[in-house]
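Every read-out reported here was derived from the displayed coordinates using simple, explicitly stated rules and does not represent laboratory data. In this text, all values refer to a predicted model and were calculated from it rather than measured experimentally. Quick reminder, even Gly has a Cβ in these numbers, built from the backbone with ideal geometry, and neighbours come from all protein chains shown.
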Amino acid sequence: MGESSGMNTELCNRSSSIGIGRASVPLVFMESQAGSSLLSVSYFVISTFLSRYSFRSILVVVDLCGFILLIKKDAIYGMFMHANTMAARLHHFLLLAALLPLLATASASTAGDIAATSTKKVRVEVYYESLCPYSARFVVNQLARAFKDGLLDGADVTFVPYGNAKVGASGAMSCQHGSEECLLNTVEACAIDAWPDVNVHFGFIYCIEDMVVNNRRSEWESCFQKQGLDPSLVTKCYRSGHGARLALKHGRQTGQLMPPHKFVPWVVVDGKPLYDDYRNFESYVCKAYKGNPPKACQGLGDQYPIIQQVVEPDHGVVGSNSGDIEPCRASDGGAEENNMVLADGDV
């Protein structure tokens, strides 16, 4: 039996069934492909065993081989099923990997469209002059309320303090309400330049215009302390050539308006001038919002005004439906020459 046991492993690797004489011995593991493929060598194995070993030893080998190969059969089947499972998982992984770039592209595109729609700001441009009573009241009343209510949170607001000023051939600037207006226009231009955050420079502009409305414009320098701002930036600006250059820049912006402004305040929403209806600018801003407008717009959409105006071929406004408003018109006289002389080559 010791000799028989020593050869068991080798024999199991070479055969899957053992026959006695011409009759083969059926085994459970013969159902497998491995057992069936080795039937052709059975006769040779039987002949060899019969010539060297007893019949009892052969039966022991048969039993051991059957047991070992049965185990191998289950192991091979398990490995085959595991391989199939792994292959299926690999297929799914590769398919997902191929789809991910497409999904990412589509998601990014959709997110970009949503972001572009929800974050696109309404452009609001306010062309004004510091001592025009209509400009001052518009800043203190309409604009201040819009900022406070959050209506302009999603707007890009630009202030252009120049109005109906002019630059003469000598390079001197004259303003509609005198030299003090030229000074305050430049001061506010310097504030816009020094503090780009619209909430900061509007607070300063509001303070000055509130002084104008209350006939205290000579106290404008107190606005630095009231707003908690460092006066050195603005003071250095308006006393130097930088303030003059800013005034010229605002003059060019005003001169490039199309159609040209006829008065101040001149309010433009998303490139469209509001003409005499500037006091209802909140309704126009709410209508121009892309996506969800702020809560302050609730109810304003139903009050959206309609401007009836006659426009000449050169885009000049001949008339409008608002005859009760007389803002500071560009044709008004009385402009005084300011002592601020602009730098050569800056015009």
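Can you list the residues, at least 5 places off or on another chain, whose amide H is less than 5 Å from the amide H of Thr158, using H built in the peptide plane?
Here Val124, Glu125, Val126 satisfy the definition.
What's the center-to-center distance, using Cα atoms, between the range 191-252 and the range 150-169 in Å?
13 Å
Restrict the search to the range 231-278; then list the trypsin sites (Lys or Arg not before Pro) that DSSP places in a loop and that have at most 16 other Cβ atoms within 10 Å of their Cβ.
Within the range 231-278, the qualifying trypsin sites (Lys or Arg not before Pro) (loop, at most 16 other Cβ atoms within 10 Å) are Arg239.
Could you name the lysines in cross-link range of Lys120, using Cα to Cα under 20 Å and dropping any fewer than eight places away on the same chain?
Correct list for Lys120: Lys272, Lys287, Lys290, Lys295.
In the structure shown, do any of Lys148/Lys226; Lys148/Lys236; Lys166/Lys262 have a Cα-Cα gap over 23 Å, and if so which?
Cα-Cα > 23 Å for Lys148/Lys236; rest within.
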